[in-house]
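Visitor: Here it is: the structure, laid out below.
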Amino acid sequence: MLTKRHHEILKLVVQAHMEGGEPIGSKTICERSQLGVSAATIRNAMVELEEMGFLTQPHTSAGRLPTDLGLRFYVDSLLEVTSLGRDEQEQIVRACEQGGEDLETVLAGVSQVLAMLTLNACMVRTPDVRHAVLRRVQFIRLTSRSGLDRILALLISDSGQLRSRVFHLESHLSQEKLDKFGRLLSRRLEGMTLAEVREHLQQEVEQGEREYRAVCGNLLESVSGLSMGGSLIVNGRMNVFHASMDLGRVREMLAVLEEKRGLVHLLDRCLGLEGVQLFIGAEAELSQGGCAVVAAPFRGAHGSCPGTLGVLGPTRMDYAHVISLVGFTTQLLSRLFSDGTVAGPTGL
C-alpha cells in the first residue's frame, strides 16, 4: 500500500524526470524533499516503489525512472493541473478567429499554435463530413473566358463548416436566378447530413425546370466527390528533437507520426468520450512505446461534426501544462463550431 511518503517521493521522481529525462537518485530526492528523512530512508522507499511497479532502475548503479504505471498514478492522483496564462489563452483565441469559415484552415492554425506552446507534435482529426448537418446552400456566378458559366457552390453546415466546389454550366444563369435556386435548395435540404443530401439531390435532378435540374445535377456530382472521411492534420514534427535528447526515442516518435493509421485510430477512440484523455505508453496502442498522447474531442451544435485534437510527446511531457492547453482549446473549438463565437481569455 502506498504511504504519504511514497506519494511524495514518486511525485518528486516524476517531476525531476520531466525536467532532465535522466534517472533520479535518492540523494537528489533527499535534497528536493521536505520529508526530513535520510537519503537511505528515501532509497528504501524507492526500492519499495520499484517492487510495486511504479519505478524502474535501468542498471544497478543508476538512479530510478518512473514506469508507465508510475506516470499513470502520478497523473491520476498527484498531478495539479495548472491554469493557462493570459498570453497563451489569447494566442489560442486568435488562432480560432483567424481561419474564417473554413474549418480545416482554423484547425491547421490552432494546431500550429499548440505545437509551438507545447514544444511537441500537435494533431487534429478533422470531422467526418458524414456527420455534418447542412444549414444552407449558396451559388455564386464567377467570370469565365470559356463562354461557359462557372458557378461556385457553397455548402455551409450548422457548425460553420464550409465546403466549396466549382462547376460549369452550358446555359447562362443570372445571379438572381442562382440565388433563387440556393434558397429553394436550402429550404429542402436544411437539417440533412451530407449523405442524406446526396440521396435527396438525386430526386431533385428529376424534377423542376431544366436549369434547376442542371444545377442540382452539378451539385450532386460535387457533393459525391467530397471525401466523406475526416483527415489528419499534424504540426510540430520537428519538436520531437527538442522533446527528447534520446535519439532512439526520437525515432520512435517520428515513426508514430509517419504511421498515421495508428494515430487516426487513437484519436477516433476519443470521439465518444468526454473531456481530456491521456494515453501513456502502451495505453495508446501505437506501434512504438515510449510516447504519450493528450487528446480531447470537440463538437458542433447538438454534438454534430465531431473531431479530436491531440498532443504527442515523450512520456516525460509536462502533463499539467499540456492537459490545460488541450482542454481550453477544445472548449473553444466546440463553442466556435456550435454558435460561431469564441469567448475571450476569461470567458471559459
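Visitor: Using the structure shown, decide if residue 111 is under 28 Å from residue 237 (Cα atoms) and out of contact with any Phe, Trp or Tyr (no Cβ under 9 Å at 6 or more places or on another chain).
Guide: Judged against the criteria, residue 111 is a match.
Visitor: Taking the conditions exactly as written (over 28 Å from residue 331 (Cβ atoms), outside the structural domain of residue 335 (by TED's automatic domain parsing) and assigned to a loop (DSSP other than H, G, I, E, B)), does residue 172 satisfy them or not?
Guide: Taking the combined requirement at face value, the residue satisfies it.
Visitor: Which condition breaks for residue 348 when tested against (1) within 30 Å of residue 56 (Cα to Cα); (2) modelled with pLDDT under 70?
Guide: Among (1) within 30 Å of residue 56 (Cα to Cα); (2) modelled with pLDDT under 70, residue 348 violates only (1).
Visitor: Sticking with this structure for a sec: Just give me the residues in the range 34-53 being within 37 Å of the chain's Cα centre (by Cα) and surrounded by fewer than 18 Cβ atoms within 10 Å (Cβ to Cβ), in sequence order.
Guide: 50, 51, 52, 53
Visitor: Mind checking whether some residue in the range 53-67 is assigned to a helix (DSSP H, G or I) and either at pLDDT 95 or above or on the phi < 0 side of the Ramachandran plot (or both)?
Guide: No.
Visitor: Consider residue 117 carefully, then state whether it is in contact with a Ser or Thr (Cβ under 7 Å, 6 or more places away or on another chain), crowded, with 18+ Cβ neighbours inside 10 Å and touching a residue at least 12 places away in the same chain (Cβ under 8 Å).
Guide: No: the conditions fail for residue 117.
The values are calculated or read from the model by the stated rules, or taken from the named source; none is laboratory data. Note that the coordinates shown come from a computational prediction; the quantities given were computed from them, not determined experimentally. Every residue, glycine as well, gets a Cβ built from its backbone with ideal geometry; the counts of neighbours run over all protein chains shown.
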